[in-house]
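To start, the structure under review is shown below, and the notes come after it.
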4 protein chains.
Amino acid sequence: MSNRGEGAFVWIIPDGYIPEESTGSQRSHEAICVLNSSDADAHLSITFYFENRDPIKDVSVTVPAERTRHVRTDLPDHLSGAEIPRGVPYAVRVESDVPVVVQHSRMDTSQEALALMTTLAHAVAG
Amino acid sequence: MSNRGEGAFVWIIPDGYIPEESTGSQRSHEAICVLNSSDADAHLSITFYFENRDPIKDVSVTVPAERTRHVRTDLPDHLSGAEIPRGVPYAVRVESDVPVVVQHSRMDTSQEALALMTTLAHAVAG
Amino acid sequence: MSNRGEGAFVWIIPDGYIPEESTGSQRSHEAICVLNSSDADAHLSITFYFENRDPIKDVSVTVPAERTRHVRTDLPDHLSGAEIPRGVPYAVRVESDVPVVVQHSRMDTSQEALALMTTLAHAVAG
Amino acid sequence: MSNRGEGAFVWIIPDGYIPEESTGSQRSHEAICVLNSSDADAHLSITFYFENRDPIKDVSVTVPAERTRHVRTDLPDHLSGAEIPRGVPYAVRVESDVPVVVQHSRMDTSQEALALMTTLAHAVAG
């Protein structure tokens, strides 16, 4: 296993959307899931893009060496205080100082039961 | 961050399908989600392919610089007036004049509750 | 647009599974969704792999020029008569004589409501 | 078809999570789905990463030649006895001695009905 990390330095997720409504015991949310398989901490700088306003840039998140982090975009304390509004389309760009792998998932409980979707982010060639 | 954009110029989505039925407060739909991280507007030309008829070509959509757009395929006013029928398999090809990233998602409320699915589109090598 | 086709000649889908049960008006099923954006017909040869038996090889499917086809794996008449059993894990390999793009989706109605999942297949480098 | 296998030697899945709750007749679970299209058995070494503890390394799984295996991460007997806790984020790295293709899927029955999500894993360049 490479100790210098695996994956890419830049990842992009076009379809972000945190549903406004929730039902049942689980709240609708999204997570940016990151694996840092290297032996150095990964320092992420995250940008959030919107349809009708300027981006929120330079949101800092650290993923320790040999750890995963599932960063909830509906929880400001996962995002150094940044607030992503519910009910608004957004997109995400993740830049890291060591190679990582990024996946994005949504849990939607806005109608009865729940729905899930996920995809790997797009890895931008180095 | 590159100001000339990230991603690819051509993206393909084979599995398009807008369910005929909906339940609850949310209508079944699909969206082509695009991020333009460049500092220039992206002009998209979208082609819709079907099983038993000729393609609908050259549907124009603009994604402004540093913006995302979630293009609903069930709303003709998102597609310069083009109408995609419900209940029919289709596929999508997106061509852009600056590099973008494309993801495709479906919300299906045809039975109780709702279901979601998503995937990045396939990036055609330049 | 290239008239010689876009995508790849070989695609692989590891997670195939047609649920045994269905509820409501829609039957649980999977589809191999193909776009042929070229101006020549694409002749596919599909292999189905299983956990405990030999593969089913050389299932023929044609996708006409500039058409999509959503091939249902639960319908033998979509597969030149091949029968894929329900309730059994399987995997799929698609080989084409012109470049195509392949996506795989499951609709599961085995419990109340329905669930969807999808992913692009893995494109094998030429 | 190549007899030496198709795909990649290393695959990464950032978003693992086995829901604690289940409803109905189907238990919430995840599966690492692998296709080995080569004519030699594939010996996998799987690593599981967590947010707040050291990884579980060197979990051995064999996928016979021309077979698929859908490895349930909630079943220790699929993982040479390794136990992945429910209700905890994790990530997965799969390394193989022959090229394979890896996809990861979740079935969540924690609220009414069920939800599915899937994605191809990220293929690390050789």
**Prompt:** How much accessible surface does C:R72 have with a 1.4 Å probe, in Å² rounded to 10?
**Reply:** 60
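For the protein assembly as shown, what class follows from the C-alpha gyration tensor (a ≥ b ≥ c being the square roots of its eigenvalues): rounded when a/c is under 1.5, otherwise prolate if a/b is larger than b/c, else oblate?
Cα axes put the protein assembly as shown in the rounded bin.
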**Asked** How do C:R86, B:R93 stack up against each other in accessible area, from largest to smallest, with a 1.4 angstrom probe?
**Response** C:R86, B:R93
**Request:** Using a/c under 1.5 as the rounded threshold, could you call the stretch D:25-72 rounded, prolate or oblate? The axes a ≥ b ≥ c are square roots of the C-alpha gyration tensor eigenvalues, and prolate needs a/b larger than b/c, oblate otherwise.
**Result:** oblate
**Request:** Using a Gaussian network model of chain D whose springs link C-alpha atoms within less than 10 Å, name the residue from D:S110, D:S37, D:S25 with the highest mean-square fluctuation.
**Result:** D:S25
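From the square roots a ≥ b ≥ c of the eigenvalues of the alpha-carbon gyration tensor of the stretch D:71-126, which class results: rounded (a/c under 1.5), prolate (a/b over b/c), or oblate? Spell out each step's value before the answer.
On the way: a/c = 2.38, a/b = 1.47, b/c = 1.62.
Note, shape of the stretch D:71-126 comes out oblate.
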**Item:** Pair B:A125, D:D97: separation of 7 Å Cα→Cβ label points (nm)
**Value:** 3.1
**Prompt:** For B:8-21, what's the mean count of beta carbons from other chains sitting within 10 Å of each residue's beta carbon?
**Reply:** 6
**Complete:** Summing +1 per Lys or Arg and -1 per Asp or Glu among the other residues with Cβ less than 12 Å from C:R93's Cβ gives -3
**Message:** Below 14 angstrom from the Cβ of A:H43, what's the summed charge of the other residues (Lys, Arg +1; Asp, Glu -1)?
**Reply:** -2
**Prompt:** Using the Cβ atoms and a cut-off under 14 Å, what net charge is assigned to the surroundings of A:D74, where Lys and Arg are +1 and Asp and Glu are -1?
**Reply:** -2
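The values are calculated or read from the model by the stated rules, or taken from the named source; none is laboratory data. Computed from a predicted structure; not experimentally measured. All Cβ positions, glycine included, derive from the backbone under ideal geometry; neighbour counts span all protein chains shown. With ligands, DNA and RNA removed, areas are computed over all heavy atoms of the protein, side chains included. Shrake-Rupley method; radii C 1.70, N 1.55, O 1.52, S 1.80 Å.
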